[in-house]
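Notes to accompany the following structure.
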Amino acid sequence: MRKPGIALTWRMMQKGLLLSVFFLLISLELGAQSDLSLTGVVTCQHNDPLPGAVIQVGTSGRATVSGEDGRFRLDHLTPGIYVVEVSFLGYETWVKEIDIREQQPLHVTLTRQDHSLEEVVVEGYYQDLLNREDSRSVAVVDRQFMEENRSGSLMQTLRRLPGISSIDIGSGQSKPLIRGLGFNRLVVSENGVAHQGQQWGADHGLEIDQYGIESLKVIKGPASLMYGSGAIGGVIDLRNFSIPGQHTSGLEFDLTGKSNNQSLGGSVTFFQRWDHFFVAGRASMVDYADYRVPADSIEYYSYYFRLKDGAMRNTAGFENSGNLVMGWASEKFTSRISVSQLKSKSGFFANAHGLEIRASSIDYDRSSRTIDLPYQQVVHRKFINNTTLHFGNHQVQINAGWQHNLREEFSEAVAHGYMPKPPDNLERWFQKKTGSVNARWRLPEMGRHNLTVGGDLEHQDNEIDGWGFIIPAFRSIETGLYVHDKIYLKPPWVVNAGIRFDYSEIEIEAYRDWFVTPGENGDKYILRAPDAGREFHFVSWALGANYQRDNYFLKMNFGNGFRMPMPKELAANGMNYHMYRYEEGNISLSPEVSWQFDAAAGFQNNHFSIELNPFVAWFPNYIFLGPEAGYQQGLQKFKYRENEVFRAGGEFLFRYRMTERLEGAVASEYVWSRQLTGEKEGFTLPFSPPWATDFSLEYNIPAWWELNRVTLKGEYRLVTDQNEIVPPEKKTPGYGVTSFIAGASSRWGAAQINWGFQVRNIFNVRYLDHTSFYRLIEAPGPGRNFILSVNVSF
């Protein structure tokens, strides 16, 4: 007989065991329910898989990326309703609310975003999109870069970009070079309209207010397909006055001071937008004195000129500009009108315009801010309209402009050869009127094809006056039509292809000297430019491909570019006292042609990024001003000719994030050129930039004291010897320049304040900049320069 206590205990153990099993089964079931998975596939509208798409699940913090076949899987999700977001660069983001307990495998179809690249303004996203969809070599710059690196001129600021250099005419004027090409081989476009001044001159700068630039992109290499003649070497595409958001307004002040040339500049900007109508405006000014170099004398044609306190006498100047914008912005129609004027006056270094300055009675050292002879003054007026129409899936962009460029150059009246002393000091007078319009029609997507059809028309009327002849008066007209197709192959491949036809004609007015020259058949007025006309036409094309996957990208582009000969190349025939040579044109020149292959490859992750941009180019008929045997009116003779030229080079960029706050970078650029025919066979091209490398170390502090986004940056620019020259150029030795940059932001009430501080050429190094205009007289680059900038916005 069992004891009652033992039986009770056994029954209790049985019930406990049953309860344990019951709770175990429940917990297993609940565990199974909490261990849910989200699976699916991401494709484009053509049902091609999209590898690398990002899938995010609500506020859980869970995310993954799709594989090569577009499939994805997220495990260990708890039951519930989630918002799932799927994104892929260049495509519309897919967002949907789903119940994870009932969800079957997802099939997410993404459609491409309805945008043109010109409409994108966010720099990081824009650069990624360009790497994915634009086969050309393109660099993007935002306003922050402009503020942090602001120098004496727009192009001096952009010199911080690999592949970009400038021909500096003093401290306030400069003209761009892209991979060693400049002048009329580049197009500078402002809000969709090509800027037209007298860009043929080595001592002519850009008449553009750098305070007004909000963003820009630099296309390195031929861009004739979209921009026409003149873009054979590249494009600098400037943007200002982006359309403000609805019911917003703002006021902004900029102030910049520089120690080297005692420069003071500033700008005030306002904007206001209601529902659809908006208005904006800007006024800017810059005033600067003679800039200083670490030298006490300059040698010019075996003569030495003393420099008082190292000042490059008569390089002072000023610039003021105004811009008013108004427009209408809606979903289907956007149009804006911009009216602007820029006026500048700047002196030329007195001892660079001929040796006659030795006999001048002008006391150039009496004041560092006085602008004496020789000097230039320019007034550039613009009227631009930008209109965008959306109807259905069609988009039409129309950019129209009218420009008036008035340039006057004054020099002390001195007799030269048979030319008697002129009656006044107006050496050259140019007035160019330019009317232009370009249009782009982006058609609805047809299968995998995204077609854009475009065209442009430009008319120029250029008048001349003054006692110094260098280019004739002319009238020209250029027009072109093109078709561009962006083909979205199986992701992540994108192909770009296009073809363009251009036609132009130019009429050159005859010009004779205003003075007589004695000859064997008596005195006569020498014919300097004939009454002549030329017609040109050309077909250009381009083909490129892009591949971007995860953290790396690859793109390549092959095509040709062209440039119509400019009037100076066709019909110059006279003394260029600014360059101290006799120049003669060639009326039989053909359109200049280039064939170029560009490539770019890059990789980036959270710790470092690396990018390589090589190029090779061949010019069967590079138009070149080369010296000839003999002299004309006491000056060496130069004549325009066509030579075969080969060019190669590229840029290299590397960034490494050492810590969360510390980052180092290396950017290097190199260009190699060789003339394959002509009297200078085996030589390079003029103004070929030497190999240069920039090293930088940047430290960022999110917040310190009352300051935010504090940045401390050290830079060292290493430039090698430039022994590759074309006579009569001289070799320039290498050098190294150290600089320091600091920036921060703060708030004071309703005001946002951005501070910037730079020290350029900290150790006051004496160096020769091979692409500087005054390098021709071996004038060194600017000495130490402290730069302070403040931006205040409300």
For the chain, the accessible surface attributable to carbon and sulfur atoms (probe 1.4 angstrom, ligands and nucleic acids excluded) amounts in percent to 58
Counting only protein heavy atoms and rolling a 1.4 Å probe, one gets per residue an accessible area for segment 556-684 in Å² of 41
Full extension between Ile777 and Leu554 adds, at 0.36 nm per residue less the Cα distance, a length in nm of 75.9 nm
Classified through the alpha carbon gyration tensor (a ≥ b ≥ c as square roots of its eigenvalues; rounded if a/c is under 1.5, else prolate when a/b is larger than b/c, else oblate), the chain comes out prolate
Expected vector for segment 95-102, Karplus 3J(HN,Hα) from phi with 6.51, -1.76, 1.60 and θ = phi - 60°, integer Hz, x for Gly and Pro, equals 10, 8, 8, 10, 9, 5, 6, 10
In segment 470-622, taking the dipole from +1 charges on Lys and Arg beta carbons and -1 charges on Asp and Glu beta carbons about the Cα centre, the listed residue (Ser609, Ile477, Thr517) farthest towards the positive end is Ser609
Here FRET efficiency (C-beta to C-beta, Asp75 to Arg709, R₀ 35 Å, nearest 0.05) is 0.35
With all protein chains present and a 1.4 Å probe, the order of Asp550, Asp209 from largest accessible area down is Asp550, Asp209
Once the in-chain neighbours fewer than 8 apart are removed, the lysines whose Cα is under 17 Å from Lys382 read Lys343, Lys432, Lys433
Segment 50-95 accessible area per residue, 1.4 Å probe, protein heavy atoms, integer Å², reads 50
Sorting Leu554, Leu635 on solvent-accessible surface, 1.4 Å probe, most exposed first, gives Leu554, Leu635
Under Stokes-Einstein, segment 707-794 at 37 °C and 0.692 mPa s, with its Kirkwood radius over C-alpha pairs, diffuses with a coefficient in µm²/s of 213
Length gained if Tyr656 through Ser297 is fully extended, taking 0.36 nm per residue and subtracting the Cα-Cα distance, is 124.9 nm
The helix 123-133 Cα axis meets the longest alpha-carbon principal axis of the chain at an angle in degrees, between 0 and 90 and rounded to 10, of 90
The relative contact order of the chain, taking Cα pairs under 8 Å that sit 6 or more residues apart, comes to a percentage of 9
Per the 1/(1 + (r/R0)^6) rule, R0 = 41 Å and r from the Cβ atoms of Trp274 and Arg366, FRET efficiency to 0.05 is 0.15
Residue separation between Glu628 and Leu457 times 0.36 nm, minus their alpha-carbon distance, gives in nm 57.8 nm
Any aspartates and glutamates whose Cα falls less than 14 Å from that of Lys731, other than same-chain ones fewer than 8 residues away, would be Asp721, Asp769, Glu778
Taking a crude spin-label model, label points 7 Å out from Cα along the C-beta direction, the Ala413 to Ala510 distance in nm is 2.8
Looks like segment 224-344, by Cα gyration tensor root eigenvalues a ≥ b ≥ c and the a/c under 1.5 rounded cutoff (else prolate when a/b is bigger than b/c, oblate otherwise), is oblate
So, with points 7 Å from each Cα along the Cβ direction, the Val666-Trp595 label distance in nm works out to 3.5
For segment 427-440, Karplus-derived ³J(HN,Hα) couplings (6.51, -1.76, 1.60; θ = phi - 60°; whole Hz; x for glycine and proline) come out as 6, 9, 9, 10, 9, 10, 10, 10, x, 8, 8, 9, 9, 10
Checked against a 21 Å limit on the C-alpha separation, the offending pairs among Lys680/Lys730; Lys258/Lys345; Lys217/Lys258; Lys345/Lys639 are Lys217/Lys258; Lys345/Lys639
Relative contact order as a percentage, segment 455-561, C-alpha pairs under 8 Å and 6+ apart, gives 23
Taking R0 as 51 Å and r as the Cβ-Cβ distance between Ala283 and Lys524, the FRET efficiency 1/(1 + (r/R0)^6), rounded to the nearest 0.05, comes to 0.45
Cross-link reach from Lys637 to aspartates and glutamates, straight Cα distance under 12 Å and at least 8 residues apart if same chain, gives Glu583, Glu584, Glu628
Total charge of the residues flanking Tyr640 in space, meaning their Cβ is under 10 Å from its Cβ, with Lys and Arg +1 and Asp and Glu -1, is -1
Using a 1.4 Å probe on heavy atoms of the protein chains only, the accessible area for Ser590 in Å², nearest 10, reads 50
Loop-resident GluC sites (Glu not before Pro) in segment 690-794 with no more than 10 other Cβ atoms inside 10 Å, DSSP not H/G/I/E/B, are Glu706
For segment 636-794, averaging the sequence separation of alpha carbon pairs under 8 Å that lie six or more residues apart and dividing by its residue count, the contact order in percent is 15
Note to self: with every protein chain in place and a 1.4 Å probe, segment 421-529 gives an accessible area per residue in Å² of 47
Measure of exposure for Leu206: accessible area at 1.4 Å probe, Å² rounded to 10, is 30
Any GluC sites (Glu not before Pro) in segment 483-587 that lie in a DSSP loop and have at most 15 other Cβ atoms within 10 Å would be Glu520
With Cα coordinates, the longest principal axis of the chain makes an angle with the long axis of helix 4-34, in degrees rounded to 10, of 30
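Hey, any idea what Rg/Rh is for segment 456-515, computing Rh the Kirkwood way over Cα pairs?
Answer for segment 456-515: 1.36.
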A student applying the Cα gyration tensor rule (rounded when a/c is under 1.5; otherwise prolate if a/b is larger than b/c, oblate if not) would label segment 561-606 oblate
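The values are calculated or read from the model by the stated rules, or taken from the named source; none is laboratory data. Everything numeric in this text was worked out from a predicted model, so none of it was measured. All Cβ positions, even for glycine, are placed from backbone atoms using ideal geometry, and neighbour counts span all protein chains on display. Protein only, heavy atoms only, side chains kept; ligands, DNA and RNA dropped before computing areas. Shrake-Rupley method; radii C 1.70, N 1.55, O 1.52, S 1.80 Å.
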